[in-house]
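Bear in mind these aren't lab numbers, they're just calculated from the coordinates by the rules spelled out. Here the structure is a predicted model, which means the values were calculated and not measured. Note that we place each Cβ from the backbone using ideal geometry, even for glycine, and neighbour counts take in every protein chain shown.
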Amino acid sequence: KQKLQDDALLKKSLTVSKKDWERDDFPWSKDLLDALTKVFRIKRFRELQKAAINAILSKEDTILVMPTGGGKSLCYQLPAVIGKGVTIVISPLLALMEDQLHGLEKINVKAGMMNPKSDKTVTKSIMDALEGKDDGLKLVYITPEYMKKSKRFMAKLQKAFNMKLLELFAIDEIHCCSTWGHDFRPDYQFLGCLKDMFPGVPILGLTATAPAKIINDVQKMLDIQGCLVLRASFNRPNLFYEVRRKPADKEVCLSMLANLLKTRFADMSGIIYTTTIKDAEQLTSDLRDKGLKLGCYHAMLEPEVRSKIYQRWITGEYQAVVATIAFGLGIDKPDVRFVIHHCVSKSMENFYQESGRAGRDGKKAACIVLYRLADIFRLSTMVIGDKVGLQNLYKVLEYCLEPGTCRRSLIAKHFEENWRQEDCAEMCDHCRRPKKSKETDIGSHCRQLYQIIEKALKGETNLTLIKLMDAWFNKGAVAYRVSSIPVPKFSREAGEAIVGHLLVNGYLKEDFVFNAYANLTYLNRGPKSGLAMDKNHRIMFCHDQALDL
Ligand code: ADP
Ligand code: MG
Ligand code: ZN
């Protein structure tokens, strides 16, 4: 019943017309445009920026869902500039705040950051401003952790509130409030007190990831149920999405990559994402051996080194940067023509964000994923610590396994957006070259895999993906093979696709073992194995006809 109520509230909030908020006849409309062009030196608003600003200036609690890079910060910075009082920006990362403070300093907007490490004069000037003793300060940045800890700051906020100096609470990365979010931060829960303590001060929540479930959670936690929710489109029409099979042979894979960079992406700039620092370093040196000019970027480099690499990439000295996901914050290069994932991302959100760094200039760019089932198993041991880590990873697996559906429609579906087929305009591999797909019942293969797993378990052995595949294809240790099972006539790639399908559908599952040396993952019968044991149970697998099952 609670869920029904939640859904109704959410629907109501979604049906508030965006158009009402796009009007230009609000009392502040002229000031807005003035500040936009004169202070921010921006010509026009992007999608939903004006609506969000008008809503919060009308004291409406608002959640703004907009992809990364869409321009969310302007939606609180601009109102802060034209307002008399102070806007409190709650943000999870010091680095993000510092970036924004630099930007604001450049355009002469006064802003400060509350930080236990900042020197006393900074803190004092912020505290004074909250008491109305300094009328120039427009924005105060703070982390939820510090806000929760600092009684003094909260007391000053109370004073500012009493003097009507509080304009707005802008809460960045608002999905951190929700335990469903991929980066839940317990201290965000503290923000639940804002509505009660400061009634009438609007809240603006900002995020790039917002399935209904998360929005619901966030609204409840902040006590702003039924608030206005504005969603910008996730569709990036100029990005071409493609998934390629990643060759198992390392040398073949390297040649493929080198070939892409030397021909299709010759003289173009891009990013190649890998998983670990070791991978990034290895891949960089392997590709340099093939004559490519590349930088390597990861979190363990000194800031000066990082900025040098970034500069060389910006100026074109490096064609591409081979990077871990540490490469992201503050990237501001409009002409990124390709983003290649040498290893899949750990969630669709991550994938969207990483691939979204391509084509910011609106011109065509490619987002290519190199997919191998083995990489999923490497990642699963890394994400298992997150509550929904594995679930998120399997969404990526589904995206990669999908035999014929438009990639864009899969992304839209993931972000719960409506979709029309013609919206892709052949800007994905499946729409450009439609493949013939076919449905096959793989129930018997599933039962055969169970037999292999059972036999191994009797011998007190867990099977990794490789061992399971070997036993099935009559390779590797004889002890694991089951002689009554026929050797598959299809390719090992097809076999892996079957395992992938069984995994995302709960017929197989991963078991994890953590020891001092490594985190290991094994394959076991999944929650649906009871069903599958029935000989008549069919498991329909829709796959590329070329797999030839
Ligand atoms: P988000 O927080 O949504 O990821 P940001 O607020 O960091 O995005 O903005 C990304 C970039 O877009 C910034 O460089 C910002 O200056 C720029 N930007 C924002 N709004 C506009 C606009 N209306 N026109 C041009 N550039 C904009
Ligand atoms: Mg942002
Ligand atoms: Zn498509």
Efficiency by 1/(1 + (r/R0)^6): what FRET value for residue 326 and residue 493, r their Cβ-Cβ distance, R0 = 30 Å, to the nearest 0.05? 0.40
Test of understanding: what is the full-extension gain from residue 391 to residue 477, defined as 0.36 nm times their sequence separation minus their Cα-Cα distance? 27.8 nm
What's the Kirkwood radius of region 21-156 in Å, using all Cα pairs? 15.8
Quick one: what do you get for region 404-473 if you divide its Cα Rg by 2.2 N^0.38 Å? 1.75
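Normalising by the residue count of region 178-284, find the relative contact order in percent from Cα pairs under 8 Å and 6+ residues apart.
Result for region 178-284 is 20 percent.
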Cα convex hull volume per residue for region 262-397 (Å³): 115
Suppose R0 equals 25 Å. What FRET efficiency, 1/(1 + (r/R0)^6) with r the Cβ-Cβ distance, do residue 59 and residue 154 give to the nearest 0.05? 0.70
Whose amide H sits under 5 Å from the amide H of residue 63, counting only residues 5 or more places off or on another chain, with H placed in the peptide plane? 205, 228, 229, 230
Shape box of region 199-314 [Cα atoms, principal axes, largest first, Å]: 62, 35, 27
For the chain, what does -39500 (n - 2.57) per DSSP helix run (n ≥ 4), summed and divided by total residues, give at 222 nm, in deg cm²/dmol to the nearest 500? -12000 deg cm²/dmol
Relative packing of 77-83, 308-314, which averages over residues the other C-beta atoms within 10 Å, highest first: 77-83, 308-314
Counting only C-alpha contacts under 8 Å and six or more residues apart, can you give the relative contact order of region 382-450 as a whole percent? 25
Estimated dipole of the chain in Debye, rounded to 20 [Cβ of Lys and Arg +1, of Asp and Glu -1, Cα centre]: 340
Cut-off under 19 Å on the C-alpha distance; same-chain residues fewer than 8 positions from residue 475 excluded. Which lysines are left, in chain and number order? 455, 467, 489
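Convex hull over the Cα atoms of region 123-202, averaged projected area in nm²?
Seen from a random direction, the Cα hull of region 123-202 projects 5.3 nm² on average.
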Name the residues whose placed amide hydrogens come within less than 5 Å of the amide hydrogen of residue 245, ignoring near sequence neighbours (fewer than 5 apart) on the same chain. 371
Lysines whose Cα lies under 18 Å from that of residue 278, excluding same-chain neighbours fewer than 8 positions away: 250, 346
Quick shape summary for region 398-532, equivalent ellipsoid via Cα gyration tensor, semi-axes whole Å in descending order, reads 34, 18, 13
Show me, bin by bin at 10 Å from 0, the whole-percent P(r) of region 437-510 based on Cα pairs. 19, 58, 22, 2
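Considering Cα pairs under 8 angstrom that are at least six residues apart, work out the relative contact order of the chain and quote it in whole percent.
Computed value for the chain: 12 percent relative contact order.
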Taking alpha-carbon centroids only, region 82-124 lies from region 144-165 a number of Å equal to 15
In nanometres, the difference between 0.36 nm per residue of separation and the alpha-carbon distance of residue 38 and residue 516 is 166.2 nm
For region 457-549, what mean projected area does the convex hull of the alpha carbons give, in nm²? 7.2
Cα pair count fraction exceeding 35 Å, expressed as % - the chain: 45
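So between residue 121 and residue 242, what do we pick up on full extension, going 0.36 nm a residue minus the alpha carbon distance?
Taking 0.36 nm per residue and subtracting the Cα distance, the gain is 38.3 nm.
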If each part is reduced to its alpha-carbon centroid, region 516-534 and region 406-478 end up apart, in Å, by 15
Could you work out Rg/(2.2 N^0.38 Å) for region 43-107, with Rg from alpha carbons only? 1.13
As straight-line cross-link partners of residue 436, the qualifying aspartates and glutamates (C-alpha separation under 13 Å, not fewer than 8 residues apart within one chain) are 402, 544, 548
Final fewest-first order of 482, 336, 322 on the 10 Å Cβ neighbour count is 482, 336, 322
Evaluated over region 83-225, the Cα radius of gyration and Dmax, each in Å: 14.7, 43
Where q = 0.19, 0.21, 0.22 Å⁻¹, what log10 of I(q)/I(0) comes from the Debye formula for region 364-463, counting one point per Cα? -1.15, -1.23, -1.26
Seen from all sides and averaged, what is the projected area of the convex hull of the Cα atoms in region 168-220, in nm²? 3.4
